[in-house]
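Please read the structure below before turning to the comments.
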Amino acid sequence: MLKRKIANIIVMAFWVIVLTMLTMLTGCEKQEYIDIPERSKPDVSMINTFCCDWDASNFEPYVNGVCVTEAYFRNSSACDNELCIYPNY
């Protein structure tokens with residue numbers, strides 16, 4: 001009888017720990033992606049235009065700290081494919 005009570009307590013403690021950890025981990029992930037302060041976003045107003053075509057030989061993934069791929073997908077005015085240089089095939 002005592003062994004059964006101890007076993008039940010151990011099982012309950014295990015599930016409490018697992019559920020607590022699961023709640024903590026998922027809570028942290030949600031918080032990380034929801035609360036992005038404005039000051040952490042880069043000021044792109046000073047950045048010149050750059051080439052956004054991945055096939056160009058002068059394509060750079062980051063220009064002045066700006067992710068060029070993100071700028072492309074956000075249809076940024078900083079993307080200017082007239083600046084791209086293509087290799088001769």
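Candidates are the residues of the range 37-67 that are outside any loop (DSSP other than H, G, I, E, B), more than 15 Å from the chain's Cα centre (by Cα) and hydrophobic (A, V, I, L, M, F, W, C); the one that is modelled with the highest pLDDT is Phe50. Inspection of the range 10-27 finds no residue satisfying the criterion of being at pLDDT below 80 and among the aromatic types (Phe, Trp, Tyr).
The values are calculated or read from the model by the stated rules, or taken from the named source; none is laboratory data. Keep in mind it's a predicted model, so treat the numbers as computed, not measured.
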